[in-house]
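This report concerns only the one structure given below.
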Amino acid sequence: MLKIVVLVSGGGTNLQALLDAKAAGQIPNGEFVKVISSKSGVFALERAAKAGVATAVIERKGKTAEEFEAALLAELEASKADLIVLAGFMTILGENVIAKYPEKIINVHPALIPSFCGKGFYGLKVHEAALEKGVKVTGATVHFVNEIPDGGKIIAQKAVEVQDGDTPEILQKRVMEQAEWKILPQAVAKLCYERNK
Ligand code: GAR
């Protein structure tokens, strides 16, 4: 079993998709050992607790990037993480964490990378930018995390249609339902299967 740690910052619907997939037997080679949030009081923490997964909060606010990174590294090491999943994690990881876990950190991004990605493109902003540009197809991407924001090798992608009258909120929901909540658990299951020793 690979030990999986999930990093979150908000509502945690992608975390829920992972927990549901695990409960349904779809991730037989991985176990969720901890959920770490960069914000206290977020609903993702309740989702984890309800599924019986240990939680930790490392507040990003009020810390320097170095302090945050050191605290996160300590928590990841204590968890003996084999795979780290960024699921709505709104902080760019520091290079010490990235260097320590090559090809062991994956992220879900709500667009078809290399469109609408990189620094400043997160959450609803991604869908606002897609609508502003007028793209007719968008989607989601699961990729490895390297030192370039949203720049690591792509693992999975799924396209989603943009429809007339879409608002950023409506488009976000469709991208989550049709793409993110499917490709993220599938990618985790596949990596765990391939790396299971
Ligand atoms: C998701 O759409 C996720 O892809 C996006 O934020 C949302 C989090 O929702 N992540 C990013 O934009 C990261 N760059 P969730 O907390 O309900 O999973």
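The values are calculated or read from the model by the stated rules, or taken from the named source; none is laboratory data. Nothing here was measured: the structure is a model prediction, and the numbers come from that model. When we count neighbours, we look across all protein chains shown, and the Cβ atoms used for this are built from the backbone with ideal geometry, even at glycine.
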Residue hits (the range 1-33; more than 12 Å from the ligand (Cβ to nearest atom) and either crowded, with 20+ Cβ neighbours inside 10 Å or charged (D, E, K, R) (or both)) are Leu2, Lys3, Ile4, Val5, Asp20, Lys22, Ile27, Gly30, Glu31, Phe32
Counted residues, the range 138-197 - those being touching a Leu at 6+ places or on another chain (Cβ under 7 Å) and within 15 Å of Lys104 (Cβ to Cβ):
7
Any chance Lys104 is under 24 Å from Leu19 (Cβ atoms) and charged (D, E, K, R)
yes
Only one residue in Pro149, Pro185 is touching a residue at least 60 places away in the same chain (Cβ under 8 Å) and either surrounded by 14 or more Cβ atoms within 10 Å (Cβ to Cβ) or assigned to a loop (DSSP other than H, G, I, E, B) (or both). Which one?
Pro185
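So that you can scan it fast, the table gives a plain yes or no per residue for (1) in contact with a helix residue (DSSP H, G or I) (Cβ under 8 Å, 6 or more places away or on another chain); (2) at pLDDT 95 or above; (3) crowded, with 20+ Cβ neighbours inside 10 Å:
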site	(1), (2), (3)
Pro110	yes, yes, yes
Glu128	yes, yes, no
Val135	no, yes, no
Val145	yes, yes, yes
Ala156	yes, yes, no
Val175	yes, yes, yes
Lys190	no, yes, no
Just wondering, is there one or more residues in the range 152-161 that are near the ligand (Cβ under 10 Å from one of its atoms), under 18 Å from the mean Cα position of the chain (by Cα) and closer than 20 Å to Met90 by Cβ?
no
